[in-house]
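*Asks:* The structure follows.
The values are calculated or read from the model by the stated rules, or taken from the named source; none is laboratory data. Just so you know, these numbers come straight off a predicted model, no measurement behind them. Glycine also receives a Cβ, built like all others from the backbone with ideal geometry; neighbour counts cover every protein chain displayed.
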Amino acid sequence: MDAPTPPPQLPDLSSYDAVLFDLDGVLTPTAEVHMHAWQTMVEELFAAWDITPPYSERDYFDHLDGKKRYDGVAALLRSRDVEVPWGEPSDSPSADTVCGIGNRKNLVFERVLRADGIAAYPGSLQLLDELVASGTPVAVVSSSKNAEEVLDVAGIRDRFPVVMDGVIAERDHLRSKPAPDVFVEAARMLGVDPARSAAVEDAISGVESAAAGGFGLVVGVDRGAGEQELRDAGAHVVVKDLKEFAR
């Protein structure tokens with residue numbers, strides 16, 4: 001009987017000029033908080049507006065995961081042939097605009113984060129420690145406007161010289177993932193070439209963003225999006241947890 005084929009060895013991330021990490025679902029399990037907040041808000045909205053079909057977990061991965069909040073709202077409503085005014089970021093959470101609905105969701109997220117706290121995934125923390133110890137530059141590339149707060153609550157903000165988040169993206173008019181803008185800008189802020197750097201993402205839109213940005217290595221972390229879906233989006237390798245990269 002032939003011996004089983006050993007799994008292919010994963011690349012050494014410290015050999016790249018930098019490693020750029022998505023936040024939610026890659027460094028911290030905030031994706032679970034986001035998923036819960038989206039589900040709570042959207043189910044109430046769909047019921048009030050009599051929108052069908054009902055919201056499902058697949059909607060999160062197809063329309064919301066990895067995108068800037070307002071872009072996600074617009075994409076989800078568009079999937080149900082619903083159009084509302086875009087509005088302004090200052091809109092009240094009660095406003096029936098894209099921005100108002102996005103702000104409504106954020107209230108739920110902030111409440112859960114403050115009540116429960118957050119901790120980095122142990123495997124991600126182990127890899128991050130090794131990269132920092134090796135002198136490999138690291139950055140966070142997140143669509144969330146809550147990235148700074150999440151990093152602070154998780155106790156890992158001081159490890160990242162660059163945090164490219166939804167606040168900066170909105171300020172600088174950068175397009176949301178899956179466009180390459182935020183990853184490319186984060187590489188520029190770090191002073192590295194995307195082609196010689198690695199990007200780590202768990203969202204299909206985020207993998208597409210890094211691939212479109214020309215990153216030398218795109219790592220997909222399968223927290224539910226699906227291994228084949230992440231590969232189809234442009235991931236060179238897919239892992240279940242970043243501890244698989246730890247040396």
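*Asks:* Of everything in region 185-210 that's part of a loop (DSSP other than H, G, I, E, B) and among the small types (Gly, Ala, Ser), which residue is farthest from Val239 (Cα to Cα)?
*Replies:* Looking at the filtered set, the residue picked out is Gly191.
*Asks:* Related question: So Ala179 clears everything in (1) among the small types (Gly, Ala, Ser); (2) touching a residue at least 24 places away in the same chain (Cβ under 8 Å); (3) surrounded by 21 or more Cβ atoms within 10 Å (Cβ to Cβ) except one condition, right? Which one?
*Replies:* Every condition holds for Ala179 apart from (3).
*Asks:* Would you mention how many residues in region 113-154 are over 19 Å from His34 (Cα atoms), more than 19 Å from the chain's Cα centre (by Cα) and either part of a helix (DSSP H, G or I) or at pLDDT below 95 (or both)?
*Replies:* Residues in region 113-154 being over 19 Å from His34 (Cα atoms), more than 19 Å from the chain's Cα centre (by Cα) and either part of a helix (DSSP H, G or I) or at pLDDT below 95 (or both): 7 in total.
*Asks:* If we keep just the residues of region 87-112 that are hydrophobic (A, V, I, L, M, F, W, C) and surrounded by 15 or more Cβ atoms within 10 Å (Cβ to Cβ), which is nearest to the chain's Cα centre (by Cα)?
*Replies:* Phe109
*Asks:* If you check Val218 against the conditions, is it surrounded by fewer than 18 Cβ atoms within 10 Å (Cβ to Cβ), of a type in the set (Val, Ile, Thr), within 17 Å of Gly66 (Cα to Cα) and free of Cβ contacts under 8 Å to residues at least 40 places away in the same chain?
*Replies:* So Val218 does not fit the description; no.
Results for (1) over 23 Å from the mean Cα position of the chain (by Cα); (2) in a loop (DSSP other than H, G, I, E, B); (3) surrounded by 20 or more Cβ atoms within 10 Å (Cβ to Cβ), shown as yes or no for each residue.
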site: Phe46; (1), (2), (3): yes, no, no
site: Pro53; (1), (2), (3): yes, yes, no
site: Arg78; (1), (2), (3): no, no, no
site: Val84; (1), (2), (3): yes, yes, no
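*Asks:* Filter region 53-69 for residues that are of a type in the set (Gly, Ala, Ser) and under 12 Å from Ile204 (Cα atoms) and give the result.
*Replies:* Matches in region 53-69: Gly66 only.
*Asks:* So, one more: Just checking, how many residues over region 55-76 are outside any loop (DSSP other than H, G, I, E, B) and either out of contact with any Pro (no Cβ under 8 Å at 6 or more places or on another chain) or surrounded by fewer than 17 Cβ atoms within 10 Å (Cβ to Cβ) (or both)?
*Replies:* The qualifying residues number 15.
*Asks:* Also, quick follow-up: For residues that are in contact (Cβ under 8 Å) with a residue 12 or more places away in the chain and on the phi > 0 side of the Ramachandran plot, tally how many sit in region 24-58.
*Replies:* 1
*Asks:* Restricting attention to region 141-162, and to residues there that are of a type in the set (Val, Ile, Thr) and out of contact with any helix residue (DSSP H, G or I) (no Cβ under 6 Å at 6 or more places or on another chain), which single residue is surrounded by the fewest Cβ atoms within 10 Å (Cβ to Cβ)?
*Replies:* Val153
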